[in-house]
Every structure is written in C-alpha cells, then in structure tokens.
Amino acid sequence: MNRAPSLSPRGDPTSPEPTATPTPTPGALRSWILSFCIIRFDLERGQVVEECYPPDSLTPDHQLVVAFSSFPDSMSRHHPRHGSSIHDSIFSFRFPSADIRDGFVYGYVFNRQRQDDRLPRGGEQKSVVILSNSPYTSVFRPLLQILGPLCFDIGRTALELVASHVAAWPSPSPGNAIDLPIGGAALRAHLPPAPEDLAPAQFPPPNASVAFGLFHEADIFASFRGILLHLWTLWELMILGEPLLVIAPTPTQCSEAVAALVSLLAPLMCSVDFRPYFTIHDPDFARLNSLPEDDRFPPMVLGVTNLFFLKALRSIPHVISVGSPIPNATGVHPASPRPASAGQISRPTRQLLLDRLSPSSFFNSVKMRREGPLTLMTKHREAIWSSYSPTTKPDTAILNRLVDSGVSQRIDESMSVVNNEILRRHFLELTTNFLAPFGPYLRAITPSETSSPFGSPPALPPFKADEFLSSLAARGPGKFLSKRTRSNWLDLYRRFLEGKNFMPWFQKRRAAAEQEQQRLWRQARMSTDIQKLIAKMSELEIVDCFNAIEQHLLVEIQSGSTSIDSSAACSKLKANLRAVFKLLPKDLQELLLANPKRAGLLHNSSESPKLPGHPSIRVHFQPKV
C-alpha cells in the first residue's frame, strides 16, 4: 500500500449522517489483536500507559513489560539533533505469557520522539503499541503506519476506530494470502503457516511472496549487509539453537535483525526463545544476569541496544553487532541499506575476499578478537564474536549474484530487495536440503493395490538417533550439501539432534505425517470397489474385513460431523458393510444381528426387523445416519 487510507467509522456508507464508532466484538478483535496501547514517557513518573483498548485487556504485570519495551533505552545519541525535529520508528518485541496458547505475546511499536528545545529536557516521547498472540508482522507493521500518526492526531478515538475495522476482518488463515480492508484501502498480506502446519518447502518456491516460516518479510540483506560472509555461520548457530546476543544502535535495527535470523530457518520452526527487543527492565533480565559463571547460557536470541548487556551477560557465547549508527530519514523502514563504502560486503566476492585478506583487515580482525565485543563500547562496528567453527562454507556463487548498490537511495533500496530475495531463496534451499534425510521418517505410507485399505495403517518407521546418524554417515549428506560443507558435516547433524529445535519440529512433522496417512487411507476406503476386494478373500479374511469396516463406520458416526463428506463416508461404509455381511455364514449373520446397534448399521429401513429363526425377538436400531 503506497498511501495511508482514509478511515471512517464502520457503518452504512450511504448514510448522510456520520455514525458512531461501533463497539468491536471482543472475540472477533482478539482473533487478531489482544490490545491497543498508547504509552507516554512522563518526566516524573517514567513510562505511563495512557490508553489501553479494550479496557482491562492487560494485567498490571503485562502493562509494566509493555511500557518498558515500547521505548528506546534513551533518546538515542545516534539521532540527528536539530532545534525542533520528529523521529518516528517502528520495531517489535516479544515476551512470555501463561495466558496465551503459544506462550508468547508479540508487540509492535510506533515510537515518536519529538525533539524541541522549548520542552522540558528538550523533547518528549510517546509510543503506540499493537499486542497480538500471532507473529503477523506483514499485517501489523503497515497497520501501525496508519494507526501511529492517527493516534497523535485524534488520540484514543483512533484506537476505537481501527479496532472497529479489525474486528470486521475475516478470521486469520495461516499460510495463506489475505486481504484486510482498512478504511478506503486494504492490507494484503501472506500469513506465516501455523507451527503444526509447517511442511517441507517446495523448491524453488512457486511464489516469492509465499511464507514458509516466521518473518518471511524480514530483510536479511539489509540486516547483515556488513557481515554477509558470516551468514552461513549464523544459520548454523540458529539451526543448533545456540544463545545469541544481537546488538544494534536502534530498536528498529535489532528487532529486524532478530526477525531475519529466525527467518533463516524456514521451513524449520524456531523453538528457541527469541526476543527482538530486550531491555534491562524485562523480568527475565534479573535471572539471566544472576546465572553462575559455570552455567550454560539458556538457548535464547536477544536483540538489544543497551551496551550494558555486554558486561551483564558475559557468559553468552555468541555476539553479533549489526546496523548503522545513522538511521534513514524517516526511521519507519527497517534498517534501510547504506551507500557502499570501502570494506563493506556489497562488492563482488573476489574483491571481498581480497579485502578480507589484506594486512590492515587482518590486524583489525586480530585486535577485535583480542578485545572482544567490549570494543563496541568505544565505536560501533558490524562484526561477530564467536568461537564456533562452522561446517557450512560461504556460497561464493550466491555472493557473486548480489547486485552492487547504487548511488541513489531509490536504486539502493531496489537492489536490496533483489539481494534479499536471492539470499532468502538460497537459505530456504539450504535448510530444505539439510532436513531432507529425515524424510523417510516423516512420509505417509499409502495402501498398496494388493492390500486392504480397511486394515490399520502401518506405523511410521521408528526414529533412533544412533541408527539415523550411522545410516547418514554411510550414504552422505546429498549432492547439494556435499558441495557446501566441510568434512565435519556429520557433527552438525549430531548437534542438531541434541539441540532445542529438532524434537519440537520432528514431533509436529511426525504428527502431520500420521494425520496425512489417516487421510490417505480413508480416501482409499472411499474409492475401493468392495466386490473386487472381497472376491479374492478367504472366509476368515471376510470376517476380519467386516469387523474392520464396522469399526471405521463407528468412528465416522462418533465423530459427530455433519459435513457432506462425513455423510458420504458413512453411506459408503454402510453399503460396504452390507455387501460383506451377505457373504458371511448364516449362523454368523444371526449372531451379529443379535446386537441391536449392529443391526441398525446393516439395515436401511427404520422398521425393526425380525432375527432369522427368532420370530419373537425384534431388533431395535438407530435410523440410518
């Protein structure tokens, strides 16, 4: 959307009189948004929640976390100082909540810092916040670009107005494109898939806009432009669920970098606790700050701007510094690309490698490694500090495809879009190939032409880590990974199996495969010609087939579904049951009909039939479903 749409209260568009803003239905609003907030920084009281809509939608504890997470640590020294200026920025944060299904709340912030020498302390700050239990950045960022400025114009009324539009949206459809009307326009977004719906990605992707994981819209190139050669190391650290500290000059840059790191894993789900913007006021900071020196830092990805974290969290093993201390003009777009300068990784790979091997670069690297990330206390620079030895080699073919930035900002941003798409497709392919060896354990088994679909589907192959690694060592990682990994590639898989990301992903994919297998076998039962099937069966097999069909029919009935598909399945199974029943011995038929419930399944008429040989006994059964 290129412009902010005009907003009006939802009502009859043909009515000549303006209508009052209707009160949104809480359930309809909550499917997208938990709460809207306006938070003001008060010189005497600190962060104050000025407005919260719907009222009482946040607990006092949550209000405190949201208030402190909605502001930069201070009026950033990196912002240009003028006699009077306004700086707007958008960023995100995340915090745990026991009240939410997935355990986390996502916050999206529109922060305005107004610098004015006539005001006390030379300025004021206020933030507009959207809270949701879903990571729908592609929806909430553009929505904030509408809501944020509107709140500064008309205050609380803007919250009620936007809420009335959001409450009228259709329910979220994870994994699909959706058009969301807002005012005179619409937000078009492609929602990320739900964790339980994550499936192996198609490659190449059928559509560049399709989301295969969280934060598909994050700009990988812009976030890590200065350390592109280390992207493959960062990918491995994320795959393994290693603790990372991401430092950037602004909340916008650090939250965008954390989102970009998470997006590198697609289509693998990220089970590590990630915080796009983390402050010293977060309730978890005290726990992390008091960890004993010998304790391993928990698997977390923390995005921070306060350099105090370098001293407070010394035990975190991997530190990444990203972003430029000079934000773009508006501050609304995430970490916009900077003009190319000497030593930056935006030139052809050959020159890049020459620069990296130059004497000055070598001595600078030695100095930075010796002094560690504390060098950031004196000067910000883009770098990574880690003792981890990566298995995956930087792909020079991909780096060579990246387009050099232009001299104008417009050309520079266009090239960033192209470069980001190149990198995203590459890491999607890399992750997909890395996960490919697990395919046999996650593949649904379809019934063969010679077997009966009325039997129980076979269990998926059991997974044992030692057997998997031995088999993988024997056959190799595959052609794609063989060209891009070093000789210790098997150790990467071993550490992945021990990490935090593997088991949650494997269990969800395993459950999805079992569900798909049930669907395929049910579909096969519906399309089976029962006469051809039972013609090849022995008498004992026919009895077993009758029992199996009866069980499947009872499952369909007990599901309570009234859909056309379920009704058709019941009709088909009843017809099959009667066809098999006719081939059973007479004495067995009499025995089966002695059960009223079974007799009801075998007859179409609501009249209670007499049992053969038992004229005084009538069978009472349920009408046909």
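Observations
- 3J(HN,Hα) along the range 547-554, derived from phi through the Karplus expression 6.51 cos²θ - 1.76 cosθ + 1.60 where θ = phi - 60°, amounts to 4, 5, 5, 4, 5, 5, 5, 5 Hz, with x in place of Gly and Pro.
- Residues of type aspartates and glutamates that residue 483 reaches as a straight line, Cα spacing below 18 Å, ignoring anything fewer than 8 places off in the same chain: 236, 395, 429, 491
- A probe of 1.4 angstrom, applied to the heavy atoms of all protein chains, finds residue 404 with accessible area near 70 square angstrom.
- Averaged over residues, the count of other Cβ atoms within 10 Å places the peptides 595-602, 258-265, 87-94 in the sequence 258-265, 87-94, 595-602, highest first.
- Calculated FRET value between residue 443 and residue 306, using beta carbons and R₀ = 51 Å, to 0.05: 0.60
- Computed from the C-beta positions of residue 540 and residue 486 and an R0 of 56 Å, the FRET efficiency is 0.45 to the nearest 0.05.
- Distant alpha-carbon pairs in the range 89-138 (separation over 18 angstrom), percent: 45 percent
- 3J(HN,Hα) along the range 48-56, derived from phi through the Karplus expression 6.51 cos²θ - 1.76 cosθ + 1.60 where θ = phi - 60°, amounts to 10, 7, 7, 9, 9, 9, x, x, 6 Hz, with x in place of Gly and Pro.
- Computed from the Cβ-Cβ distance with R0 of 30 Å, the FRET efficiency linking residue 102 to residue 520 stands at 0.55.
- Peptides 542-553, 471-482 ranked from most to least packed, by the mean per-residue count of other Cβ atoms within 10 Å: 542-553, 471-482.
- Out-of-range pairs (alpha-carbon distance over 27 Å; input 393/464; 572/597; 311/379): 393/464
- Database remark: amide H of residue 303 closer than 5 angstrom to the amide H of 246, 275, 277, 278 (H placed geometrically; neighbours at sequence offset of 5 or more, or on other chains; Pro and chain starts carry no H).
- Packing-based ranking, highest mean first, of 529-541, 242-254 given that Cβ atoms within 10 Å are counted: 242-254, 529-541
- Taking every protein chain into account, the 1.4 Å probe leaves residue 371 with about 90 Å² of accessible area, to the nearest ten.
The values are calculated or read from the model by the stated rules, or taken from the named source; none is laboratory data. Nothing here was measured: the structure is a model prediction, and the numbers come from that model. We place every Cβ from the backbone using ideal geometry, glycine too, and count neighbours over all the protein chains shown. The accessibility values were calculated without ligands, DNA or RNA, using every heavy atom of the protein model including side chains. Shrake-Rupley method; radii C 1.70, N 1.55, O 1.52, S 1.80 Å.
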